[in-house]
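Scroll down for the structure; my scribbles are underneath it.
The values are calculated or read from the model by the stated rules, or taken from the named source; none is laboratory data. For clarity, every value in this text was computed on a predicted model and none was experimentally measured. Cβ placement follows ideal geometry from the backbone for every residue including glycine, while neighbour counts extend to all protein chains displayed.
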Amino acid sequence: MSPVIVATGMLVMSTLILTPYAFAFHFDELMSLNFVVIQYALAFALFCSVIAYFLYFKILERTGAGNLLICTIIIPPSSILVNAMLLGQMITLAEMIGLAIITIGLLVLDRKILNKMLKMNRNIDKLLLFFRQITIFRFKYI
């Protein structure tokens, strides 16, 4: 089944199930909301739910479950950044440290960058070995 169909079905059914509950138990609060709050709620629903579901299932379809799990690690930092951009919230030092930890974790999990760094180390080791051999050769035969 197409990821778009699955994501659409999940979002439509969750909306259909939760809407009667919201009107039955929180009718007064819903009626007291102003238009700006409703706009923010719709923006977050669109950007943080709908697009996220579509991306989630598209990544699952293209790359598999392993890479999808790596992608779910970036959910907290992305929500912090969206809050900062849309609501103007300040990003705290603790959130920045958490973002750094998550970034380092992603780099370790990805292993491409780690492998490149190891290859660079191997090349540096080969280069140092080459210079040692040249130095030994120069001192032996001069």
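For region 101-114, give me each residue that is assigned to a helix (DSSP H, G or I), at pLDDT below 85 and exposed (fewer than 13 other Cβ atoms within 10 Å of the Cβ).
So the first thing to find is which residues in region 101-114 are assigned to a helix (DSSP H, G or I), and the list is 101-110, 112-114.
From what's left, at pLDDT below 85: 102-110, 112-114.
Matches in region 101-114: ILE104, GLY105, VAL108, ASP110, LYS112, ILE113, LEU114.
Taking THR15, is it within 25 Å of ILE104 (Cα to Cα) and surrounded by 11 or more Cβ atoms within 10 Å (Cβ to Cβ)?
Numbers: within 25 Å of ILE104 (Cα to Cα): no; surrounded by 11 or more Cβ atoms within 10 Å (Cβ to Cβ): yes.
For THR15, the condition - within 25 Å of ILE104 (Cα to Cα) and surrounded by 11 or more Cβ atoms within 10 Å (Cβ to Cβ) - is not met.
Failed condition for THR92, given (1) surrounded by 13 or more Cβ atoms within 10 Å (Cβ to Cβ); (2) at pLDDT 80 or above, with all others met?
Of (1) surrounded by 13 or more Cβ atoms within 10 Å (Cβ to Cβ); (2) at pLDDT 80 or above, only one is false for THR92: (1).
Using the structure shown, decide if VAL36 is at pLDDT 85 or above, of a type in the set (Val, Ile, Thr) and not assigned by TED's automatic domain parsing to the domain that holds LEU87.
Details: at pLDDT 85 or above: yes; of a type in the set (Val, Ile, Thr): yes; not assigned by TED's automatic domain parsing to the domain that holds LEU87: yes.
In short, yes.
Counting only residues that are touching a residue at least 24 places away in the same chain (Cβ under 8 Å), give me the helices (runs of 4 or more DSSP H) lying completely in region 2-62 with at least 1 of them.
Numbers: elements: 3-25, 27-31, 35-45.
Counting at least 1 such residues, we get 3-25, 35-45.
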